[in-house]
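These notes concern the structure reproduced below.
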Amino acid sequence: MGLEPLRQLALDKDVKQSSDYASDGGFPYGADKAADGDRFNFSTTSGKDAQPWWQVDLGSVADLERVDVYNRSDCCADRTKDYYVLVSDEPFTGTLADQLTKPGVWSHHETAQAGGPTAIPVAAHGRYVRVWLASEKPVELNMSEVEVYGRARS
């Protein structure tokens, strides 16, 4: 007997972000780039929204132990700092401030710049995991990968 091994639960799951940036050539940097297992590409938001976010729907509630946030290593690493990681059984609605006071939402505030990775210990269960910048001014959120480690519930 024993516990099922930890698994990376976010890989190729349903993801979205508050907005999408597209290069001059039209190449999209969509939310899927941060959950595809490739740490050499990245997702980015448009830079036109305050408190931009990225989210994964794990498909079902899981017991989570860690979220690894991988920052870009090629440039622009300063864009991913002062952020929250939130976990919930229910979809997120409303503002960041709303979620931080909502019962059943687990949160962790990381003020330092994300690393490669920044490992955030999680002691919560949930289906939705969101990385949410705290900045009140319009900024870009870039991440090369977000890995969510936990155990699926039976």
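Of the conditions (1) within 13 Å of the chain's Cα centre (by Cα); (2) of a type in the set (A, V, I, L, M); (3) surrounded by 14 or more Cβ atoms within 10 Å (Cβ to Cβ); (4) not in a loop (DSSP other than H, G, I, E, B), residue 62 clears all except one; give me its number.
With respect to (1) within 13 Å of the chain's Cα centre (by Cα); (2) of a type in the set (A, V, I, L, M); (3) surrounded by 14 or more Cβ atoms within 10 Å (Cβ to Cβ); (4) not in a loop (DSSP other than H, G, I, E, B), residue 62 is out only on (1).
Looking only at region 97-143, count how many residues are touching a helix residue (DSSP H, G or I) at 6+ places or on another chain (Cβ under 7 Å), part of a loop (DSSP other than H, G, I, E, B) and of a type in the set (S, T, N, Q).
1
Which of the residues that make up region 65-81 are within 13 Å of the chain's Cα centre (by Cα) and either acidic (Asp, Glu) or surrounded by fewer than 18 Cβ atoms within 10 Å (Cβ to Cβ) (or both)?
Once the filter is applied, which keeps residues that are within 13 Å of the chain's Cα centre (by Cα) and either acidic (Asp, Glu) or surrounded by fewer than 18 Cβ atoms within 10 Å (Cβ to Cβ) (or both), region 65-81 yields 66, 68, 81.
Restricting to region 45-75, what's the tally of residues that are without any contact (Cβ under 8 Å) to a residue 24 or more places away in the chain and basic (Lys, Arg)?
0
Just a yes or no: is a residue in region 14-29 among the acidic types (Asp, Glu), part of a strand (DSSP E or B) and farther than 22 Å from residue 112 by Cβ?
Within region 14-29 (the criterion being among the acidic types (Asp, Glu), part of a strand (DSSP E or B) and farther than 22 Å from residue 112 by Cβ), the answer is yes, since at least one residue qualifies.
Please work out which residue is surrounded by the most Cβ atoms within 10 Å (Cβ to Cβ), limiting yourself to region 32-59 and to residues that are within 12 Å of the chain's Cα centre (by Cα) and of a type in the set (Asp, Glu).
Checking each candidate, the answer is 32.
Bear in mind these aren't lab numbers, they're just calculated from the coordinates by the rules spelled out. Just so you know, these numbers come straight off a predicted model, no measurement behind them. Cβ sites come from the backbone with ideal geometry, for glycine too, and all protein chains shown count toward neighbours.
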